[in-house]
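A.B. asks: One structure, pasted below without further comment.
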Amino acid sequence: MIDKSKKVHIINGVLFVALFACSAFYISAFKALQYISFSPLIIGIILGMMYGNTLKQHMPAEWLPGIIFSSKKLLRLAIILYGFRLTFQNIMDVGIEAIMIDIIVITGTLCLGLLLGKLLKVDSETALLTSTGSAICGAAAVLGMESVLENKSYKTAVAVSTVVIFGTTAMFLYPALYRNGLLHLTPEQWGLYTGGTVHEVAHVVGAGNGMSETVTETAIIVKMIRVIFLAPVLLLFAFIKAGKTKSTTQKTKIKIPWFAFGFLAVIGFNSCGLLPKGLVDTINYIDTFLLTMAMTALGMETRLKQFKEAGVKPFLLAFILFGWLMVGGYFIVKYIM
C-alpha cells in the first residue's frame with residue numbers, strides 16, 4: 001500500500017504534468033502550428049524537454065513518481081482509449097486492398113528498420129521504436145512500444161523526434177507531388193498511398209486536406225487500419241522480448257501488454273455504435289489530453305545531451321525508412337495492388 005503522503009506527492013506530480021498539457025493544448029491552437037499540424041502531443045514533449053533541461057532541478061523531488069506515473073500508467077490508459085477513434089466497419093469501407101497494403105508496408109518497414117539498425121549499429125531499442133513509429137502511427141506507436149520495452153526515456157524521445165521531422169516533411173511533400181501530377185495516381189490511389197505511408201494521423205489529415213476530399217476520406221480510413229495493427233505488433237514483440245531474455249536457470253515471464261487487448265476491446269465496443277457521437281468525441285478529446293500528458297512527462301525525463309550521445313544514426317535510419325515509405329509505398333499502390 002502507498003501511504004497517504006506519497007499519494008499526495010504523486011497527485012501533485014500528475015497535476016503538474018497536467019498543467020503543462022493544458023499549455024500544450026493552448027499553444028497548439030495557434031494558427032501557425034495548426035497549419036503545420038503540430039498536435040498537442042508534439043507541443044507537450046517540446047515543453048517537457050524545455051522544462052526538464054532547465055528548471056526541473058527546482059521541482060520537489062517527491063513529485064517525480066507522479067511524472068513517472070504519467071509517462072507509464074496514464075500512457076497505457078490512453079492507448080486503450082485510442083480505440084474509440086476506430087471501428088471494424090472502417091476496414092469494410094476500404095476493402096481487402098487497403099488491408100494488404102498496410103500489412104506489406106508495416107511488415108516491410110519493421111523488417112527493414114531492424115536490419116538497417118544492425119547495419120548502422122543503432123541501439124536495438126531505438127531502432128525498434130523508430131521503425132514502429134514509421135510503420136504504424138507515429139508518436140502513439142512509439143509510446144506503445146516503449147511500454148513493452150520499458151526502455152530509457154531518451155530513446156523514445158529520439159524516435160518521436162524522427163516521426164515529427166519526416167511526418168511533417170511528408171505532409172508538405174505529398175500535396176506538392178499531387179498538385180503537380182508527378183506520380184500519376186488516381187485520387188483513390190493517392191488516398192491509399194497517403195494513408196499507408198505517412199507517419200502521424202495528424203500528418204495524414206494535413207496532407208489529405210492539401211489534396212482533395214476523396215483523398216482525405218480514403219487516407220484517414222487506411223491510416224486507421226494501420227493503427228489497428230498496433231495491438232498485434234506490440235504483442236508480437238512482447239513475446240520476442242521474452243524469448244530473448246529466456247534463461248536456462250530461470251523461468252521466463254512473458255510480460256504481455258494487456259493494454260493492447262484493451263485497445264482491441266474498445267475498438268470492438270465502439271464498432272457496436274452504442275455510445276452517442278458526442279460522448280465518443282469527448283472521450284477522444286480526453287484521450288488526446290492523456291497522451292499529451294504522457295508525452296510531456298516523457299520530455300521531462302529526457303536530457304538534450306542524450307540526443308548527442310545517440311548521434312545522427314537514428315535520424316539516418318528514419319530518413320532511409322522515409323525513403324522506403326515514399327518509394328516502396330508508391331510501387332505497392334501503383335503496380336502491386
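The values are calculated or read from the model by the stated rules, or taken from the named source; none is laboratory data. Computed from a predicted model, the values in this text were never measured in an experiment. All Cβ positions, glycine included, derive from the backbone under ideal geometry; neighbour counts span all protein chains shown.
A.B. asks: List the residue pairs whose Cβ atoms are under 9 Å apart, where the first residue sits in region 159-175 and is over 19 Å from Gly195 (Cβ atoms), the second is surrounded by fewer than 20 Cβ atoms within 10 Å (Cβ to Cβ) and at pLDDT below 85, and the two are 6 or more positions apart or on different chains.
C.D. replies: Ser161/Phe307
A.B. asks: Additional query: Quick check, is Leu275 at negative phi, at pLDDT 90 or above and assigned to a loop (DSSP other than H, G, I, E, B)?
C.D. replies: The answer is yes for Leu275.
A.B. asks: Do the conditions hold for Val122, that is, is it buried (at least 21 other Cβ atoms within 10 Å of the Cβ), in contact (Cβ under 8 Å) with a residue 12 or more places away in the chain and within 23 Å of Gly196 (Cβ to Cβ)?
C.D. replies: For Val122, the condition - buried (at least 21 other Cβ atoms within 10 Å of the Cβ), in contact (Cβ under 8 Å) with a residue 12 or more places away in the chain and within 23 Å of Gly196 (Cβ to Cβ) - is not met.
A.B. asks: For region 60-79, which positions are in contact with a Phe, Trp or Tyr (Cβ under 8 Å, 6 or more places away or on another chain) and buried (at least 17 other Cβ atoms within 10 Å of the Cβ)?
C.D. replies: Trp63, Gly66, Ile67, Arg76, Ile79 - these are the residues of region 60-79 that are in contact with a Phe, Trp or Tyr (Cβ under 8 Å, 6 or more places away or on another chain) and buried (at least 17 other Cβ atoms within 10 Å of the Cβ).
A.B. asks: Quick one: in region 85-97, which of the residues that are among the polar types (S, T, N, Q) and part of a helix (DSSP H, G or I) is nearest to Ser153 (Cα to Cα)?
C.D. replies: For region 85-97, the residue satisfying everything is Asn90.
A.B. asks: Only residues that are part of a helix (DSSP H, G or I) and over 16 Å from Leu325 (Cβ atoms): list them for region 179-196, please.
C.D. replies: Arg179, Pro187, Glu188
A.B. asks: Do we find a residue being at pLDDT 85 or above, buried (at least 19 other Cβ atoms within 10 Å of the Cβ) and closer than 21 Å to Phe259 by Cα anywhere in region 160-179?
C.D. replies: yes
A.B. asks: Also: Quick test for you: out of Tyr26, Tyr82, pick the one residue that is in a helix (DSSP H, G or I) and surrounded by fewer than 13 Cβ atoms within 10 Å (Cβ to Cβ).
C.D. replies: After ruling out the rest, the residue left standing is Tyr26.
A.B. asks: Oh, and also: Kindly indicate whether any position in region 303-317 is hydrophobic (A, V, I, L, M, F, W, C), touching a Leu at 6+ places or on another chain (Cβ under 9 Å) and not in a loop (DSSP other than H, G, I, E, B).
C.D. replies: Within region 303-317, one or more residues are hydrophobic (A, V, I, L, M, F, W, C), touching a Leu at 6+ places or on another chain (Cβ under 9 Å) and not in a loop (DSSP other than H, G, I, E, B).
A.B. asks: Same structure again: Tell me which of these Cys137 doesn't satisfy, since it passes every other one: (1) buried (at least 23 other Cβ atoms within 10 Å of the Cβ); (2) without any contact (Cβ under 8 Å) to a residue 40 or more places away in the chain; (3) not in a helix (DSSP H, G or I); (4) not small (Gly, Ala, Ser).
C.D. replies: (2)
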